[in-house]
Amino acid sequence: MVVFLALAIFFVAGYFLGNVPIASKLLGTNKPRDLGVTISIPAAYQGLNDLKKPLTPQAVQSILENPNAYQTVKATLTQEEASSLLAVGDIPDFPFRMTQVKFESNGKVKASGMLDIQKLQAALTDVGATSDILNRVMSVVKNAKYMTFYMEGTCNIINNNVSVNLDQVQLGKINLPADLIKNNSGSISDGIARTLTSNGYNIRTMTISDGKVYLDMDRPAKSVTPWLNMIQY
């Protein structure tokens with residue numbers, strides 16, 4: 001789920017930054033919208049435990065010896081756990097900071113945080129953004145160090161088919177037009193799906209309800225890497 005959230009936030013922000021003529025003065029460096037989700041180390045550890053991530057050197061060694069035992073997982077995460085995992089994960093070139101994720105009872109998800117512009121270019125390149133999109137994005141944000149983002153909508157995955165329906169996207173101080181969001185939701189869904197499968201994920205289901213996210217998936221052994229800094233010795 002954490003990987004999906006990171007990709008969803010990234011694809012939405014990256015895609016629209018590349019296709020909307022945003023004046024740099026509108027990007028701003030204001031604090032991100034507070035969604036009221038508490039980020040904490042205990043919540044991150046609980047999330048790692050729920051996802052059956054290795055928390056000791058012995059557990060890491062067991063995965064190295066038998067990767068198949070780690071592959072399949074069914075888990076439930078709270079919004080506090082998901083937000084905390086995004087906060088503490090050592091994800092290479094991850095451009096988002098102070099990210100809060102909130103799961104509504106009706107299945108809607110909200111996300112808010114800061115975008116680190118210095119890491120944005122590397123992240124765009126890593127996920128295969130075209131040179132045209134890359135040039136547009138960097139020409140827009142080159143004079144900014146950080147910018148805020150906020151988005152809300154629904155998302156789910158069934159047998160690797162990603163469905164993202166966005167109700168609102170705000171980058172810096174700009175609320176994007178509803179028709180622009182609607183017309184590009186399919187491209188964002190497809191991009192997320194391609195990236196997940198190409199990185200070795202097989203997601204049977206990912207759904208949001210009752211303020212939680214429910215997962216049933218296969219994952220690659222390398223997915224332990226971003227949270228090795230949480231190993232307890």
| note | Residue by residue through region 58-68, the couplings from Karplus 6.51 cos²θ - 1.76 cosθ + 1.60 with θ = phi - 60°, in Hz, x for Gly and Pro, are 5, 5, 4, 4, 5, 5, 4, 7, 9, x, 5
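Counting Lys and Arg as +1 and Asp and Glu as -1, each charge on the Cβ, what is the dipole of region 144-233 about the Cα centre in debye, to the nearest 20? Walk me through the numbers on the way to the answer.
Numbers: 8 positive and 7 negative charges, 64 e Å.
For this selection, approximately 300 debye.
Classify region 192-233 as rounded, prolate or oblate, taking a ≥ b ≥ c as the square roots of the eigenvalues of its Cα gyration tensor: rounded when a/c is under 1.5, otherwise prolate if a/b is larger than b/c and oblate if not.
On the way: a/c = 2.65, a/b = 1.25, b/c = 2.11.
Oblate.
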| task | Going by C-beta contacts inside 10 Å, put Ser189, Ser62 in order with the fewest on the left. | result | Ser62, Ser189
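Take the residue pairs Lys182/Lys212; Lys53/Lys108; Lys102/Lys145; Lys31/Lys53; Lys102/Lys182; Lys74/Lys119 and return only those whose Cα atoms are more than 30 Å apart. Provide the component values of the computation, followed by the final result.
Values: Lys182/Lys212 25 Å; Lys53/Lys108 26 Å; Lys102/Lys145 26 Å; Lys31/Lys53 32 Å; Lys102/Lys182 21 Å; Lys74/Lys119 32 Å.
In this structure, Lys31/Lys53; Lys74/Lys119 lie more than 30 Å apart at Cα.
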| task | For each of Glu65, Glu80, Glu104, count neighbouring Cβ atoms within 10 Å of the residue's Cβ, then give the residues from fewest to most. | result | Glu65, Glu104, Glu80
| task | Please give, to one decimal in nm, the separation of the simple spin-label points placed at Leu55 and Ser198, each 7 Å out from Cα toward the Cβ. | result | 3.5 nm
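Computed from the coordinates by the stated procedures, all read-outs in this text should not be read as laboratory data. Predicted model, so just to flag it, every value in this text is computed and none were measured. Cβ coordinates were reconstructed from backbone atoms using ideal geometry, including for glycine residues, and neighbour counts include every protein chain displayed.
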